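Student: Sharing a structure with you now.
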Amino acid sequence: MPTETNYDRSLGRKFVFVTGGVMSGLGKGITAASTGRLLANAGFDVTAVKIDPYLNVDAGTMNPYQHGEVYVLKDGAEVDLDLGNYERFLGTDMTADHNITTGKAYEHVISKERAGDYLGDTVQIIPHITNDIKRRVRKAAEGTDVCIVEVGGTVGDIEGMPFLEAIRQFVHETPPEDLLLTHVTLVPFSKNGEQKTKPTQHSVKELRSIGLQPDILVGRSEEKLDPDTKEKIALFCDVPTEAVFSNPDVADIYHVPLMVEEEGLDRYVIEELDLASEAPPQAERTERWRELVTQESDEQVDIALVGKYALEDAYISIHEALKHAGLDRSVEVTVHWVNADRMDADHEQRLQDADGVVVPGGFGSRGSAGKIEAIRYAREHDVPFLGLCLGFQMGVVEYARNVLELEGAHSAEIDSATPHPVIGLLPNQLGEEDLGGTMRLGAHETDIDPDTLASAIYGGTSCTERHRHRYEVNPEYIAALEAGGLRFSGRSDRRMEILELPEHPYFLGTQFHPEFRSRPGRASPPFVGLLDAALESSTENDEGERGNESRSEGDRSSTAAAEPTESL
Ligand code: GLN
């Protein structure tokens, strides 16, 4: 049988595979990311791979209602939102190679088969697909100390089988001290408060039936596992008792690494992977992370998020970016969802009660009218506003309609017959090929004008942020919009990237998505700026002073985020 996998430590030294049992949605990704964070705290170079056993090649076209937000990496890959959690927990940037899907593996193998690369072989799931999976995992791990590999879905799903078989082979080919298998399961409580281990036993049995014996078991539950429960799981699932860990519900995901550390997960993993001689003493490891994520908040602000999805996961990176900004400023941020699609009295009230407004990105027309109304409200009432991607575009539309009085102005994406397509596809005369139909993805640099709000918050005249859009500000309207008072303070060649309103306390729109680069310890400048302005407006509000008068340039200094704090 052909094998492409002679063991080579330069392609990743150590691997921690993470599978899930009993049911999905257990927070397996957070458990995996927390394991990675603990290893990073101990000074190891850690990366992660997310395996998604679906046939889509990538997450680009996936509906946020089913899968939550589509996350964008710096290389422009559109990936599962779990990669966002890994980037935020590990503080590293990943690439398309770090998201492996069934679609990618099959697409590659089938195209090789069509090209005649298999020389008459029968092309099969084993070994061709499994070899491709192993090759991809090793490639993503190249040059790192530890690679965390999370397998999406639940053990027993048909879709996951080729991946679990690839892991079985991986285990077979790898020295035992270089690999751990963590299985995350559910430990429910019975009505009389007893912790039930049967679902865990069954899911481990399922895992063993395909040749995988877990090294570590993590029980997700409402509360910590009792010592008796741990012993029972250990006995029936054939792992040492000290390899059974609790992962009870916590209010803040960034506290999970601290909690599993308390249970000794990092010590166990480091010892089992034979890394103890390279790690600093336990007491020194988690200090910085603890400091970073357990700040006391002295103040609180309310932010309205005006979107069309009620699901928090659909805007997860924005929620996290607001949280990071809050950590940076020791402010507790409460996000209130305002339904852009149906803004009833209750939701209108939420908008009016907010200290700041965020209008997120999106595709299609649903909710655009509500977004435009919310932007108008923020502009006219001096409420701090941050518009992201579609939120930026709707900011242009709102200004064109209500200030420039260009009746019916819109984005060509939403109203193809608009008399004023202030947002449209860029004409090909820019000299770039195929611009019209393609999506602009990934990290691109923006030049920022000096002496603007944008330059104050970024602390300089350029920024590099991630993009995911197709439409642009229509060059034919730029002069009129600027003459009317809207300022495009950031550009990338002839593309408008940042807008602001000089007369407003904080009115900022970005064609890019700054939320994708935000990390604990490296908050995103537009979000920190929003929070500072919201804080000021909330104080003014408390004093009953929110007025319509504009503020002078000098007031801006307080919004400057300047140099972001050092990332972990
Ligand atoms: N739908 C808009 C575009 O394609 C905005 C995209 C977004 O908000 N991510 O340009």
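The values are calculated or read from the model by the stated rules, or taken from the named source; none is laboratory data. On a predicted model such as this, the values are computed, not experimentally measured, just so you know. Ideal geometry is used to build each Cβ from the backbone, glycine not excepted, and the neighbour counts take in all protein chains shown. These accessible areas exclude ligands, DNA and RNA; they are computed on the full protein's heavy atoms, side chains included. Shrake-Rupley method; radii C 1.70, N 1.55, O 1.52, S 1.80 Å.
Student: Gap in Å between the Cα centre of the range 159-189 and the Cα centre of the range 283-305?
Tutor: Each part reduced to its Cα centre gives a spacing of 34 Å.
Student: When a/c reaches 1.5 or more, the comparison of a/b and b/c decides; with that in mind, is the range 373-501 rounded, prolate or oblate per its Cα gyration tensor?
Tutor: Oblate is the answer for the range 373-501, as a/c is 1.5 or above yet b/c matches or exceeds a/b.
Student: Taking the alpha carbon gyration tensor of the chain, what are the square roots of 5 times its eigenvalues, largest first, to the nearest whole Å? Could the numbers behind the result be given before it?
Tutor: Working: eigenvalues 394, 162, 86 Å².
In descending order the semi-axes read 44, 28, 21 Å.
Student: Which percentage, to the nearest 5, of the DSSP beta bridges contained in the range 28-150 is antiparallel? Walk me through the numbers before you get to the answer.
Tutor: Details: 2 of 10 bridges.
So the antiparallel bridges in the range 28-150 amount to around 20 percent.
Student: Heavy-atom accessible area of ARG366 with all protein chains present, probe 1.4 Å, nearest 10 Å²?
Tutor: Only protein atoms counted, so the area is about 100 Å².
Student: Can I ask one more? If R₀ is 41 angstrom, what is the calculated FRET efficiency for the pair THR334 and GLN213, using the beta carbon separation as r and rounding to 0.05? Before the final figure, lay out the partial values.
Tutor: Working: r = 45 Å, r/R0 = 1.10.
E(calc), rounded to 0.05, equals 0.35.
Student: What order do you get for 325-338, 106-119 when each peptide is scored by the mean count of other beta carbon atoms within 10 Å, highest first?
Tutor: 325-338, 106-119
Student: Expressed as a whole percentage, what fraction of the accessible surface of the chain belongs to carbon and sulfur atoms when a 1.4 Å probe is rolled over the protein heavy atoms?
Tutor: Numbers: 10840 of 23250 Å².
That share works out to 47 percent.
Student: Please work out whether the range 39-178 counts as rounded, prolate or oblate from its C-alpha gyration tensor, where a ≥ b ≥ c are the square roots of the eigenvalues and a/c under 1.5 means rounded, while otherwise a/b larger than b/c means prolate and anything else oblate?
Tutor: Values: a/c = 1.74, a/b = 1.23, b/c = 1.41.
It comes out oblate by the Cα gyration axes.
Student: Give me the number: length gained by fully extending THR438 to SER462, i.e. 0.36 nm times residue separation minus the C-alpha to C-alpha distance, one decimal in nm.
Tutor: Working: separation 24, 0.36 × 24 = 8.64 nm, distance 2.48 nm.
Here the segment from THR438 to SER462 would lengthen by 6.2 nm.
Student: Please report the antiparallel percentage of DSSP beta bridges with both residues in the chain, rounded to the nearest 5.
Tutor: Working: 25 of 76 bridges.
DSSP beta bridges in the chain are roughly 35 percent antiparallel.
Student: As an exercise, use a Förster radius of 22 Å and the Cβ-Cβ distance of PHE189 and ALA251 to find the FRET efficiency, rounded to the nearest 0.05. Working shown, then result.
Tutor: Working: r = 19 Å, r/R0 = 0.86.
After rounding to 0.05, the efficiency reads 0.70.
Student: Just to confirm, what accessible area per residue do you get for the range 1-159 at 1.4 Å probe, in whole Å²?
Tutor: On the way: 6070 Å² over 159 residues.
Value returned for the range 1-159: 38 Å² of accessible area per residue.
Student: Using 0.36 nm per residue of separation minus the Cα-Cα distance, give me the extension gain between GLN352 and ASP226 in nm, one decimal.
Tutor: Details: separation 126, 0.36 × 126 = 45.36 nm, distance 4.71 nm.
Between GLN352 and ASP226, full extension yields 40.7 nm more.
Student: Give me, ordered by chain and number, the residues 5 or more places off ILE148 or on other chains with an amide H under 5 Å from its own placed amide H.
Tutor: Placed amide hydrogens put VAL16, THR47, ALA48, VAL49 under 5 Å from ILE148.
Student: Of the listed peptides 445-455, 487-497, what is their order by residue-averaged count of other C-beta atoms within 10 Å, with the highest listed first?
Tutor: Details: 445-455: 18.4, 487-497: 20.4.
Sorting 445-455, 487-497 by mean packing, highest first, produces 487-497, 445-455.
Student: Tell me, what is the per residue accessible area of the range 283-406 in Å², probe radius 1.4 Å? Present the calculation step by step, with values, prior to reporting the outcome.
Tutor: Numbers: 4800 Å² over 124 residues.
Using a 1.4 Å probe on heavy atoms only, each residue of the range 283-406 averages 39 Å².
Student: Tell me what the chain gives for mean residue ellipticity at 222 nm when only DSSP H runs of n ≥ 4 count, each as -39,500 (n - 2.57), the sum divided by the residue total, rounded to 500 deg cm²/dmol.
Tutor: On the way: 19 runs with 197 residues, N = 568.
For the chain, the value works out to -10500 deg cm²/dmol.
Student: Continuing with this model, one more query. Per 0.36 nm of contour for each residue apart, how much would the distance between HIS172 and ALA283 grow if the chain were fully extended, relative to their Cα-Cα spacing? Display every interim value, and only then the final one.
Tutor: Numbers: separation 111, 0.36 × 111 = 39.96 nm, distance 3.51 nm.
Roughly 36.4 nm would be gained on extension.
Student: Can you tell me, using C-alpha contacts under 8 Å and at least 6 residues apart, the relative contact order of the chain as a whole percent? Intermediate values should be presented prior to the final figure.
Tutor: Numbers: 1176 pairs, mean separation 79.6, N = 568.
Dividing the mean separation by the residue count of the chain yields 14 percent.
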